[in-house]
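Have a look at the structure below before the remarks.
The values are calculated or read from the model by the stated rules, or taken from the named source; none is laboratory data. Quick caveat, the model's predicted, so the values are computed rather than measured. Here Cβ is always computed from backbone atoms with ideal geometry, including for glycine, and neighbour counts include all displayed protein chains. Note: accessible area is taken over every heavy atom of the protein model, side chains too, but ligands, DNA and RNA are not part of it. Shrake-Rupley method; radii C 1.70, N 1.55, O 1.52, S 1.80 Å.
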Amino acid sequence: MSVLSLNMETAYGSLTLFTSILHNVFLLYHVDMFVSVYKIDKSSFWLGETIFLVWNSLNDPLFGWFSDKKFLNLDKARGGNENIVWIRLNALHLYGPLFASAFLLFWIHWAWPGLQFAICLCLYDGFLTMIDLHHSALLADLSLSAEVRTTLNSRCSIFSAIGSISVFLSYLVWNKTDLTAFQIFCFGLAVLSFTGYLIMVGVLKKAYMKHTKDSNIGLEKYRLSETNTSPENKASVVKFGRQLLSHKNFLWFSFLNLVQVFHCHFNSNFFPLFLDTLLGEAVSPTLASFLLSISFIAPHINNLYFLSLCQKYGVYTVIRSLFLVKLILSLLMYEAGPQHVWLLCFFIASNRVFTEGTCKLLSLVISDLVDEDVVLHSRPQAVSALVFGTAALISKPGQTLAPIIGTWILAMQTGHDIFQSGNDSGSLKLDLSKMELTDRTAYKQGVFMMLICIPVICALLQLFAWSCFTLRGQRLAYVKSIRAGLMHVQV
(Lines give C-alpha, C1' and ligand atoms only; values in the text may rest on other atoms or scores of the structure.)
Protein backbone atom coordinates (compact mmCIF):
# COMPACT_ATOMS: atom_id res chain seq x y z
CA MET A 1 0.00 0.00 0.00
CA SER A 2 1.60 3.25 -1.11
CA VAL A 3 -1.27 5.71 -0.68
CA LEU A 4 -3.63 5.91 2.28
CA SER A 5 -6.95 7.70 2.50
CA LEU A 6 -7.34 10.93 4.44
CA ASN A 7 -9.65 9.17 6.92
CA MET A 8 -6.97 6.58 7.69
CA GLU A 9 -4.26 9.22 8.13
CA THR A 10 -6.47 11.34 10.40
CA ALA A 11 -7.72 8.40 12.47
CA TYR A 12 -4.17 7.06 12.88
CA GLY A 13 -2.86 10.44 14.01
CA SER A 14 -5.79 11.14 16.35
CA LEU A 15 -4.85 8.19 18.56
CA THR A 16 -1.81 10.14 19.74
CA LEU A 17 -4.18 12.83 21.05
CA PHE A 18 -5.84 10.41 23.45
CA THR A 19 -2.47 9.15 24.64
CA SER A 20 -0.72 12.51 25.00
CA ILE A 21 -3.46 14.27 27.01
CA LEU A 22 -2.94 11.66 29.72
CA HIS A 23 0.76 10.89 29.42
CA ASN A 24 1.90 14.51 29.61
CA VAL A 25 0.06 14.94 32.91
CA PHE A 26 1.51 11.66 34.18
CA LEU A 27 5.06 12.73 33.34
CA LEU A 28 4.74 16.05 35.12
CA TYR A 29 2.95 15.10 38.32
CA HIS A 30 3.26 11.43 39.25
CA VAL A 31 6.61 11.82 41.08
CA ASP A 32 5.52 15.01 42.85
CA MET A 33 2.19 13.40 43.76
CA PHE A 34 3.76 10.47 45.57
CA VAL A 35 6.62 12.44 47.13
CA SER A 36 4.84 15.64 48.17
CA VAL A 37 1.22 14.52 48.68
CA TYR A 38 1.29 10.82 49.57
CA LYS A 39 4.65 11.20 51.40
CA ILE A 40 6.17 7.98 50.11
CA ASP A 41 9.35 7.01 51.98
CA LYS A 42 12.70 6.64 50.25
CA SER A 43 12.91 2.82 50.52
CA SER A 44 9.43 2.36 49.04
CA PHE A 45 10.21 4.80 46.23
CA TRP A 46 13.43 3.01 45.26
CA LEU A 47 11.76 -0.40 45.54
CA GLY A 48 8.84 0.74 43.37
CA GLU A 49 11.19 2.20 40.77
CA THR A 50 13.24 -1.02 40.77
CA ILE A 51 10.14 -3.15 40.18
CA PHE A 52 9.07 -0.71 37.49
CA LEU A 53 12.54 -0.84 35.91
CA VAL A 54 12.34 -4.62 35.51
CA TRP A 55 8.75 -4.57 34.28
CA ASN A 56 9.34 -1.62 31.98
CA SER A 57 12.33 -3.36 30.40
CA LEU A 58 10.69 -6.74 29.88
CA ASN A 59 7.14 -5.92 28.84
CA ASP A 60 8.05 -4.36 25.47
CA PRO A 61 9.83 -7.39 23.97
CA LEU A 62 7.46 -9.74 25.80
CA PHE A 63 4.32 -8.13 24.37
CA GLY A 64 5.98 -7.76 20.96
CA TRP A 65 6.93 -11.44 20.99
CA PHE A 66 3.43 -12.65 21.83
CA SER A 67 2.04 -10.34 19.15
CA ASP A 68 4.36 -11.24 16.26
CA LYS A 69 5.95 -14.65 16.95
CA LYS A 70 3.35 -16.38 14.76
CA PHE A 71 4.65 -14.43 11.75
CA LEU A 72 8.34 -15.28 12.12
CA ASN A 73 8.08 -18.62 10.30
CA LEU A 74 5.07 -18.08 8.08
CA ASP A 75 5.26 -19.28 4.51
CA LYS A 76 5.53 -16.48 1.98
CA ALA A 77 2.10 -17.33 0.64
CA ARG A 78 0.55 -16.53 4.00
CA GLY A 79 2.42 -13.35 4.87
CA GLY A 80 -0.18 -10.73 4.00
CA ASN A 81 -0.02 -7.25 5.53
CA GLU A 82 -3.80 -7.24 5.97
CA ASN A 83 -3.59 -9.87 8.72
CA ILE A 84 -1.07 -7.95 10.79
CA VAL A 85 -2.82 -4.58 10.45
CA TRP A 86 -6.10 -6.08 11.66
CA ILE A 87 -4.37 -7.54 14.73
CA ARG A 88 -2.89 -4.12 15.54
CA LEU A 89 -6.30 -2.44 15.30
CA ASN A 90 -8.01 -4.99 17.54
CA ALA A 91 -5.28 -4.54 20.16
CA LEU A 92 -5.67 -0.74 20.12
CA HIS A 93 -9.45 -1.12 20.48
CA LEU A 94 -8.94 -3.13 23.68
CA TYR A 95 -5.94 -1.55 25.38
CA GLY A 96 -6.73 2.12 24.69
CA PRO A 97 -9.69 2.25 27.12
CA LEU A 98 -7.78 0.15 29.68
CA PHE A 99 -4.90 2.65 29.52
CA ALA A 100 -7.31 5.51 30.25
CA SER A 101 -8.70 3.62 33.25
CA ALA A 102 -5.23 2.90 34.66
CA PHE A 103 -4.38 6.62 34.50
CA LEU A 104 -7.03 7.40 37.12
CA LEU A 105 -5.40 5.18 39.74
CA PHE A 106 -2.56 7.68 40.31
CA TRP A 107 -4.64 10.57 41.59
CA ILE A 108 -6.70 8.91 44.34
CA HIS A 109 -4.99 7.66 47.49
CA TRP A 110 -6.37 4.11 47.75
CA ALA A 111 -3.52 2.08 49.29
CA TRP A 112 -0.24 2.29 51.18
CA PRO A 113 1.92 4.68 49.08
CA GLY A 114 4.67 2.16 48.31
CA LEU A 115 2.21 -0.49 47.14
CA GLN A 116 0.11 1.97 45.17
CA PHE A 117 3.23 3.40 43.52
CA ALA A 118 4.39 0.01 42.20
CA ILE A 119 0.93 -1.18 41.09
CA CYS A 120 0.04 2.10 39.35
CA LEU A 121 3.34 2.30 37.46
CA CYS A 122 3.20 -1.31 36.26
CA LEU A 123 -0.46 -1.23 35.18
CA TYR A 124 -0.16 2.14 33.48
CA ASP A 125 3.05 1.25 31.65
CA GLY A 126 1.74 -2.17 30.62
CA PHE A 127 -1.26 -0.73 28.79
CA LEU A 128 0.79 2.18 27.43
CA THR A 129 3.33 -0.30 26.05
CA MET A 130 0.64 -2.24 24.18
CA ILE A 131 -0.66 0.99 22.66
CA ASP A 132 2.78 2.26 21.67
CA LEU A 133 3.86 -1.07 20.20
CA HIS A 134 0.87 -1.58 17.96
CA HIS A 135 0.48 2.09 17.00
CA SER A 136 4.18 2.41 16.12
CA ALA A 137 4.19 -0.94 14.30
CA LEU A 138 1.36 0.27 12.09
CA LEU A 139 3.74 2.94 10.81
CA ALA A 140 5.89 0.19 9.29
CA ASP A 141 3.02 -2.16 8.38
CA LEU A 142 0.69 0.23 6.56
CA SER A 143 3.24 1.26 3.94
CA LEU A 144 6.85 0.82 2.82
CA SER A 145 6.92 4.35 1.38
CA ALA A 146 9.03 6.85 3.35
CA GLU A 147 6.66 9.60 2.15
CA VAL A 148 3.59 7.84 3.57
CA ARG A 149 5.36 7.12 6.84
CA THR A 150 6.39 10.76 7.12
CA THR A 151 2.81 11.86 6.46
CA LEU A 152 1.47 9.57 9.18
CA ASN A 153 4.12 10.88 11.57
CA SER A 154 3.12 14.47 10.79
CA ARG A 155 -0.52 13.68 11.57
CA CYS A 156 0.62 12.34 14.94
CA SER A 157 2.54 15.56 15.58
CA ILE A 158 -0.52 17.71 14.90
CA PHE A 159 -2.72 15.76 17.30
CA SER A 160 0.03 15.51 19.92
CA ALA A 161 0.34 19.30 19.84
CA ILE A 162 -3.40 19.58 20.48
CA GLY A 163 -3.09 17.06 23.30
CA SER A 164 -0.40 19.15 24.96
CA ILE A 165 -3.04 21.71 25.93
CA SER A 166 -3.76 19.42 28.90
CA VAL A 167 -0.39 20.51 30.34
CA PHE A 168 -1.41 24.18 30.43
CA LEU A 169 -4.77 23.38 32.01
CA SER A 170 -3.22 21.01 34.55
CA TYR A 171 -0.82 23.72 35.73
CA LEU A 172 -3.81 25.95 36.49
CA VAL A 173 -5.65 23.35 38.63
CA TRP A 174 -2.67 21.66 40.32
CA ASN A 175 -2.72 22.37 44.06
CA LYS A 176 -1.04 19.98 46.50
CA THR A 177 -3.10 21.21 49.45
CA ASP A 178 -6.46 20.74 47.71
CA LEU A 179 -6.55 18.10 44.99
CA THR A 180 -10.27 18.24 44.23
CA ALA A 181 -10.02 20.37 41.08
CA PHE A 182 -7.04 18.40 39.81
CA GLN A 183 -8.78 15.06 40.39
CA ILE A 184 -11.91 16.21 38.54
CA PHE A 185 -9.69 17.44 35.71
CA CYS A 186 -7.90 14.06 35.46
CA PHE A 187 -11.23 12.21 35.48
CA GLY A 188 -12.44 14.35 32.57
CA LEU A 189 -9.25 13.63 30.61
CA ALA A 190 -9.63 9.89 31.22
CA VAL A 191 -13.24 9.87 30.02
CA LEU A 192 -12.24 11.78 26.88
CA SER A 193 -9.40 9.36 26.16
CA PHE A 194 -11.54 6.27 26.89
CA THR A 195 -14.27 7.40 24.51
CA GLY A 196 -11.84 8.66 21.88
CA TYR A 197 -10.06 5.34 21.57
CA LEU A 198 -13.31 3.44 21.09
CA ILE A 199 -14.58 5.82 18.42
CA MET A 200 -11.40 6.53 16.42
CA VAL A 201 -10.14 2.93 16.29
CA GLY A 202 -13.59 2.03 14.97
CA VAL A 203 -13.22 4.72 12.31
CA LEU A 204 -9.75 3.44 11.43
CA LYS A 205 -11.08 -0.12 11.08
CA LYS A 206 -13.82 0.97 8.69
CA ALA A 207 -11.42 3.09 6.64
CA TYR A 208 -8.95 0.23 6.46
CA MET A 209 -11.59 -2.27 5.33
CA LYS A 210 -12.70 0.15 2.66
CA HIS A 211 -9.08 0.67 1.60
CA THR A 212 -8.40 -3.06 1.36
CA LYS A 213 -10.25 -4.59 -1.56
CA ASP A 214 -9.99 -8.21 -0.34
CA SER A 215 -10.26 -7.62 3.42
CA ASN A 216 -12.36 -10.76 3.97
CA ILE A 217 -9.75 -12.90 2.21
CA GLY A 218 -7.03 -11.34 4.31
CA LEU A 219 -8.85 -12.11 7.55
CA GLU A 220 -9.56 -15.67 6.41
CA LYS A 221 -5.90 -16.19 5.63
CA TYR A 222 -5.08 -15.11 9.17
CA ARG A 223 -7.53 -17.63 10.63
CA LEU A 224 -5.90 -20.35 8.55
CA SER A 225 -2.44 -19.31 9.66
CA GLU A 226 -3.50 -19.43 13.31
CA THR A 227 -4.56 -23.06 12.99
CA ASN A 228 -1.25 -24.14 11.47
CA THR A 229 0.91 -24.10 14.59
CA SER A 230 2.81 -27.34 14.29
CA PRO A 231 5.85 -27.68 16.61
CA GLU A 232 8.32 -27.53 13.75
CA ASN A 233 6.83 -24.22 12.60
CA LYS A 234 7.07 -22.44 15.95
CA ALA A 235 9.54 -19.57 16.20
CA SER A 236 12.47 -19.65 18.61
CA VAL A 237 13.00 -16.67 20.90
CA VAL A 238 16.68 -17.66 21.18
CA LYS A 239 17.07 -17.63 17.40
CA PHE A 240 15.39 -14.25 17.08
CA GLY A 241 17.52 -12.85 19.90
CA ARG A 242 20.69 -13.98 18.16
CA GLN A 243 19.53 -12.38 14.94
CA LEU A 244 19.01 -9.03 16.64
CA LEU A 245 22.34 -9.24 18.46
CA SER A 246 23.98 -9.60 15.04
CA HIS A 247 22.09 -6.54 13.78
CA LYS A 248 24.65 -3.82 14.56
CA ASN A 249 22.53 -0.86 13.49
CA PHE A 250 19.77 -2.08 15.78
CA LEU A 251 22.16 -2.23 18.74
CA TRP A 252 23.62 1.24 18.15
CA PHE A 253 20.16 2.70 17.78
CA SER A 254 18.95 1.02 20.99
CA PHE A 255 21.80 2.60 22.96
CA LEU A 256 21.10 6.00 21.42
CA ASN A 257 17.41 5.63 22.21
CA LEU A 258 18.20 4.69 25.83
CA VAL A 259 19.95 8.02 26.27
CA GLN A 260 17.13 9.81 24.45
CA VAL A 261 14.37 8.29 26.61
CA PHE A 262 16.38 9.13 29.74
CA HIS A 263 16.80 12.76 28.68
CA CYS A 264 13.16 13.21 27.69
CA HIS A 265 11.88 11.89 31.02
CA PHE A 266 14.52 13.78 32.97
CA ASN A 267 13.26 17.02 31.41
CA SER A 268 9.64 16.13 32.14
CA ASN A 269 10.23 15.02 35.74
CA PHE A 270 12.34 18.03 36.72
CA PHE A 271 10.88 20.76 34.51
CA PRO A 272 8.77 22.20 37.38
CA LEU A 273 11.90 22.23 39.58
CA PHE A 274 13.86 24.23 36.99
CA LEU A 275 10.99 26.67 36.53
CA ASP A 276 10.41 27.34 40.23
CA THR A 277 14.05 27.38 41.33
CA LEU A 278 15.76 29.22 38.50
CA LEU A 279 12.89 31.42 37.26
CA GLY A 280 10.34 31.50 40.09
CA GLU A 281 11.56 34.78 41.57
CA ALA A 282 12.10 36.44 38.19
CA VAL A 283 8.99 35.60 36.15
CA SER A 284 5.27 35.59 36.86
CA PRO A 285 3.27 32.36 37.34
CA THR A 286 1.49 33.12 34.06
CA LEU A 287 4.79 33.22 32.16
CA ALA A 288 5.94 30.04 33.90
CA SER A 289 2.70 28.33 32.85
CA PHE A 290 3.23 29.62 29.29
CA LEU A 291 6.78 28.21 29.18
CA LEU A 292 5.49 24.89 30.43
CA SER A 293 2.82 24.75 27.76
CA ILE A 294 5.19 25.83 25.00
CA SER A 295 7.70 23.16 25.98
CA PHE A 296 5.04 20.49 25.43
CA ILE A 297 3.34 21.94 22.34
CA ALA A 298 6.32 23.28 20.38
CA PRO A 299 8.03 19.88 19.83
CA HIS A 300 5.00 18.62 17.92
CA ILE A 301 4.71 21.79 15.85
CA ASN A 302 8.45 21.81 15.16
CA ASN A 303 8.22 18.17 14.17
CA LEU A 304 6.20 19.16 11.11
CA TYR A 305 9.18 21.26 10.01
CA PHE A 306 11.67 18.55 10.97
CA LEU A 307 9.73 16.01 8.90
CA SER A 308 9.91 18.26 5.86
CA LEU A 309 13.66 18.49 6.40
CA CYS A 310 13.80 14.69 6.65
CA GLN A 311 12.21 14.39 3.22
CA LYS A 312 14.79 16.81 1.83
CA TYR A 313 18.01 15.84 3.65
CA GLY A 314 17.25 12.45 5.22
CA VAL A 315 16.42 11.40 8.76
CA TYR A 316 20.06 10.73 9.69
CA THR A 317 21.23 14.26 8.89
CA VAL A 318 18.33 15.95 10.68
CA ILE A 319 18.75 13.93 13.88
CA ARG A 320 22.51 14.52 13.94
CA SER A 321 21.89 18.25 13.56
CA LEU A 322 19.47 18.20 16.52
CA PHE A 323 22.11 16.54 18.71
CA LEU A 324 24.63 19.20 17.71
CA VAL A 325 22.17 22.00 18.47
CA LYS A 326 21.47 20.52 21.91
CA LEU A 327 25.19 20.36 22.69
CA ILE A 328 25.98 23.88 21.43
CA LEU A 329 23.06 25.52 23.25
CA SER A 330 24.02 23.81 26.51
CA LEU A 331 27.63 24.99 26.28
CA LEU A 332 26.55 28.55 25.46
CA MET A 333 24.16 28.56 28.43
CA TYR A 334 26.95 27.35 30.72
CA GLU A 335 29.17 30.20 29.59
CA ALA A 336 26.38 32.77 30.07
CA GLY A 337 25.43 31.60 33.59
CA PRO A 338 22.08 31.52 35.42
CA GLN A 339 21.84 35.30 35.88
CA HIS A 340 20.55 35.90 32.32
CA VAL A 341 16.84 35.29 32.95
CA TRP A 342 15.48 35.56 29.43
CA LEU A 343 18.27 33.46 27.99
CA LEU A 344 17.55 30.92 30.70
CA CYS A 345 13.85 30.94 29.77
CA PHE A 346 14.75 30.23 26.16
CA PHE A 347 17.18 27.46 27.08
CA ILE A 348 14.83 25.66 29.49
CA ALA A 349 12.07 25.65 26.89
CA SER A 350 14.30 24.91 23.86
CA ASN A 351 16.13 22.10 25.66
CA ARG A 352 12.87 20.23 25.99
CA VAL A 353 11.67 21.24 22.52
CA PHE A 354 14.73 19.86 20.69
CA THR A 355 14.91 16.75 22.89
CA GLU A 356 11.25 15.87 22.41
CA GLY A 357 11.49 16.79 18.73
CA THR A 358 14.18 14.15 18.28
CA CYS A 359 11.99 11.54 19.98
CA LYS A 360 9.24 12.13 17.44
CA LEU A 361 11.58 11.24 14.57
CA LEU A 362 12.96 8.02 16.01
CA SER A 363 9.92 5.95 15.00
CA LEU A 364 10.93 6.58 11.39
CA VAL A 365 14.37 5.14 12.14
CA ILE A 366 12.86 2.02 13.75
CA SER A 367 10.64 1.58 10.69
CA ASP A 368 13.79 1.56 8.56
CA LEU A 369 15.31 -0.98 10.97
CA VAL A 370 12.24 -3.16 10.42
CA ASP A 371 12.96 -3.05 6.68
CA GLU A 372 16.62 -3.93 7.25
CA ASP A 373 15.62 -6.80 9.56
CA VAL A 374 13.43 -8.25 6.79
CA VAL A 375 16.28 -8.05 4.28
CA LEU A 376 19.04 -9.33 6.60
CA HIS A 377 17.09 -12.41 7.68
CA SER A 378 14.95 -12.96 4.54
CA ARG A 379 11.71 -12.85 6.49
CA PRO A 380 8.48 -13.58 4.56
CA GLN A 381 6.75 -10.98 6.74
CA ALA A 382 8.00 -8.04 8.80
CA VAL A 383 7.68 -8.44 12.58
CA SER A 384 7.29 -4.75 13.32
CA ALA A 385 5.92 -4.90 16.87
CA LEU A 386 8.61 -7.38 17.85
CA VAL A 387 11.38 -5.12 16.55
CA PHE A 388 9.85 -2.03 18.21
CA GLY A 389 9.41 -3.95 21.45
CA THR A 390 12.89 -5.42 21.52
CA ALA A 391 14.41 -1.99 20.87
CA ALA A 392 12.59 -0.78 23.96
CA LEU A 393 14.15 -3.59 26.01
CA ILE A 394 17.32 -1.49 26.03
CA SER A 395 15.85 2.01 25.75
CA LYS A 396 12.84 1.96 28.09
CA PRO A 397 14.90 1.69 31.33
CA GLY A 398 15.83 5.32 30.69
CA GLN A 399 12.32 6.21 31.87
CA THR A 400 13.05 4.70 35.28
CA LEU A 401 16.65 5.89 35.45
CA ALA A 402 15.60 9.52 34.89
CA PRO A 403 14.00 10.14 38.34
CA ILE A 404 16.54 7.89 40.09
CA ILE A 405 19.64 9.57 38.64
CA GLY A 406 17.97 12.98 38.74
CA THR A 407 17.20 12.84 42.47
CA TRP A 408 20.73 11.53 43.12
CA ILE A 409 22.30 14.42 41.16
CA LEU A 410 20.02 16.91 42.92
CA ALA A 411 21.17 15.63 46.33
CA MET A 412 24.82 15.64 45.24
CA GLN A 413 24.71 19.16 43.76
CA THR A 414 22.52 20.85 46.35
CA GLY A 415 22.37 18.60 49.41
CA HIS A 416 18.58 18.44 49.04
CA ASP A 417 17.14 14.98 49.72
CA ILE A 418 13.57 15.02 48.40
CA PHE A 419 12.58 12.13 50.67
CA GLN A 420 13.27 13.87 53.96
CA SER A 421 10.05 13.90 55.95
CA GLY A 422 8.80 15.99 58.83
CA ASN A 423 10.05 19.27 57.38
CA ASP A 424 9.92 21.42 54.28
CA SER A 425 12.52 19.27 52.53
CA GLY A 426 10.01 16.45 52.05
CA SER A 427 9.20 17.73 48.58
CA LEU A 428 10.67 17.90 45.10
CA LYS A 429 11.09 21.69 45.47
CA LEU A 430 12.32 23.85 48.35
CA ASP A 431 10.82 27.12 49.55
CA LEU A 432 13.62 29.53 48.62
CA SER A 433 12.09 32.39 50.65
CA LYS A 434 13.02 30.55 53.87
CA MET A 435 16.69 30.17 52.92
CA GLU A 436 19.60 32.47 53.60
CA LEU A 437 21.00 34.39 50.63
CA THR A 438 24.20 32.35 50.42
CA ASP A 439 22.32 29.04 50.73
CA ARG A 440 19.77 30.15 48.13
CA THR A 441 22.53 31.14 45.70
CA ALA A 442 24.37 27.85 46.20
CA TYR A 443 21.15 25.88 45.75
CA LYS A 444 20.29 27.69 42.52
CA GLN A 445 23.81 27.12 41.19
CA GLY A 446 23.50 23.40 41.91
CA VAL A 447 20.17 23.16 40.08
CA PHE A 448 21.66 25.15 37.19
CA MET A 449 24.58 22.72 36.87
CA MET A 450 22.09 19.85 36.92
CA LEU A 451 20.19 21.56 34.08
CA ILE A 452 23.34 22.00 31.97
CA CYS A 453 25.35 18.83 32.55
CA ILE A 454 22.67 16.30 31.58
CA PRO A 455 22.10 17.58 27.98
CA VAL A 456 25.86 17.93 27.42
CA ILE A 457 26.58 14.34 28.45
CA CYS A 458 23.56 13.00 26.56
CA ALA A 459 24.47 14.88 23.36
CA LEU A 460 28.06 13.58 23.39
CA LEU A 461 26.96 9.97 23.89
CA GLN A 462 24.32 10.25 21.17
CA LEU A 463 26.65 11.83 18.61
CA PHE A 464 29.08 8.95 19.11
CA ALA A 465 26.36 6.29 18.75
CA TRP A 466 24.83 8.02 15.72
CA SER A 467 28.20 8.16 13.94
CA CYS A 468 28.33 4.34 14.20
CA PHE A 469 24.84 3.93 12.70
CA THR A 470 25.21 3.01 9.01
CA LEU A 471 21.59 2.63 7.82
CA ARG A 472 21.63 5.79 5.73
CA GLY A 473 22.33 6.97 2.20
CA GLN A 474 23.11 4.19 -0.25
CA ARG A 475 22.71 1.48 2.39
CA LEU A 476 19.16 2.62 3.17
CA ALA A 477 18.26 2.89 -0.52
CA TYR A 478 19.59 -0.64 -1.07
CA VAL A 479 17.50 -2.05 1.81
CA LYS A 480 14.35 -0.30 0.55
CA SER A 481 14.84 -1.64 -2.98
CA ILE A 482 15.45 -5.21 -1.78
CA ARG A 483 12.39 -5.24 0.49
CA ALA A 484 10.23 -3.72 -2.25
CA GLY A 485 11.37 -6.56 -4.50
CA LEU A 486 10.48 -9.16 -1.84
CA MET A 487 7.01 -7.70 -1.46
CA HIS A 488 6.56 -7.71 -5.25
CA VAL A 489 7.53 -11.38 -5.41
CA GLN A 490 4.98 -12.24 -2.69
CA VAL A 491 2.23 -10.43 -4.55
Across the stretch 423-475, what is the total count of residues that are at pLDDT below 85, of a type in the set (S, T, N, Q) and open to solvent by 50 Å² or more (accessible area, probe 1.4 Å)? 4
Taking interchain pairs and intrachain pairs at least six residues apart, which have beta carbon atoms under 8 angstrom, with the first residue in the stretch 237-251 and open to solvent by 30 Å² or more (accessible area, probe 1.4 Å) and the second among the hydroxyl-bearing types (Ser, Thr, Tyr)? Lys248/Thr470
Output the residues belonging to the stretch 386-422 that are small (Gly, Ala, Ser) and at pLDDT below 80. Ala392, Gly415, Ser421, Gly422
If you check every pair at least six apart or on different chains, which have Cβ atoms under 6 Å apart with a residue in the stretch 26-46 that is within 15 Å of Trp174 (Cα to Cα) first and a residue that is of a type in the set (Gly, Ala, Ser) second? Leu27/Ser268; Ser36/Ser427
Would you please name the residue that is surrounded by the fewest Cβ atoms within 10 Å (Cβ to Cβ), looking only at residues in the stretch 119-151 that are in contact with a Gly (Cβ under 7 Å, 6 or more places away or on another chain) and closer than 25 Å to Asp371 by Cα? Ile131
Output the number of the condition that Ile328 fails; it satisfies all remaining conditions of (1) more than 26 Å from Leu28 (Cα to Cα); (2) surrounded by fewer than 20 Cβ atoms within 10 Å (Cβ to Cβ); (3) at pLDDT below 90; (4) hydrophobic (A, V, I, L, M, F, W, C). (3)
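Among residues belonging to the stretch 79-96 that are of a type outside the set (A, V, I, L, M, F, W, C) and open to solvent by less than 50 Å² (accessible area, probe 1.4 Å), point out the one that is modelled with the highest pLDDT. Explain how you work it out, then say what you get.
Within the stretch 79-96, the subset of a type outside the set (A, V, I, L, M, F, W, C) is 79-83, 88, 90, 93, 95-96.
Pick out the ones that are also open to solvent by less than 50 Å² (accessible area, probe 1.4 Å) and you get 79-81, 83, 88, 96.
On the way: Gly79: 46, Gly80: 47, Asn81: 48, Asn83: 67, Arg88: 87, Gly96: 94.
The residue in question is Gly96.
When only residues in the stretch 98-111 that are open to solvent by 10 Å² or more (accessible area, probe 1.4 Å) and touching a residue at least 24 places away in the same chain (Cβ under 8 Å) count, which is farthest from Leu128 (Cα to Cα)? Lay out the reasoning, then the answer.
Here is the first cut: in the stretch 98-111, the residues open to solvent by 10 Å² or more (accessible area, probe 1.4 Å) are 98, 101, 104-105, 108-111.
The next check asks that each one be touching a residue at least 24 places away in the same chain (Cβ under 8 Å); those that pass are 98, 101, 104, 108-109.
Details: Leu98: 9, Ser101: 11, Leu104: 14, Ile108: 20, His109: 22 Å.
If we take residues in the stretch 98-111 being open to solvent by 10 Å² or more (accessible area, probe 1.4 Å) and touching a residue at least 24 places away in the same chain (Cβ under 8 Å), then His109 is farthest from Leu128 (Cα to Cα).
Hey, can you tell me all the residues within the stretch 367-398 that are part of a loop (DSSP other than H, G, I, E, B), farther than 17 Å from Leu245 by Cβ and either open to solvent by 10 Å² or more (accessible area, probe 1.4 Å) or among the hydroxyl-bearing types (Ser, Thr, Tyr) (or both)? Spell out the reasoning first.
At the first step, the residues of the stretch 367-398 found to be part of a loop (DSSP other than H, G, I, E, B) are 378-383, 396.
Next, only the ones that are farther than 17 Å from Leu245 by Cβ stay: 378, 380-382, 396.
Within the stretch 367-398, Ser378, Pro380, Lys396 meet the criteria.
I need the full set of residues from the stretch 327-361 which are among the acidic types (Asp, Glu) and under 23 Å from the mean Cα position of the chain (by Cα), in order please.
Just the residues of the stretch 327-361 that are among the acidic types (Asp, Glu), to begin with: 335, 356.
Glu356 - this is the single residue of the stretch 327-361 that is among the acidic types (Asp, Glu) and under 23 Å from the mean Cα position of the chain (by Cα).
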What pairs can you find where one residue is in the stretch 471-491 and within 18 Å of Lys248 (Cα to Cα) and part of a helix (DSSP H, G or I), the other is at pLDDT 55 or above and not aromatic (Phe, Trp, Tyr), and their Cβ atoms are less than 6 Å apart, with a gap of 6+ or different chains? Val479/Asp371; Val479/Glu372; Val479/Val375
Could you check the stretch 362-375 and list, in sequence order, the residues that are more than 11 Å from the chain's Cα centre (by Cα) and under 19 Å from Phe159 (Cα atoms)? Leu364
State yes or no: is Asn7 under 24 Å from Leu94 (Cα atoms) and surrounded by fewer than 18 Cβ atoms within 10 Å (Cβ to Cβ)? yes
Condition met for Phe323 (buried (at least 20 other Cβ atoms within 10 Å of the Cβ), closer than 24 Å to Val167 by Cα, aromatic (Phe, Trp, Tyr) and in contact (Cβ under 8 Å) with a residue 40 or more places away in the chain): no
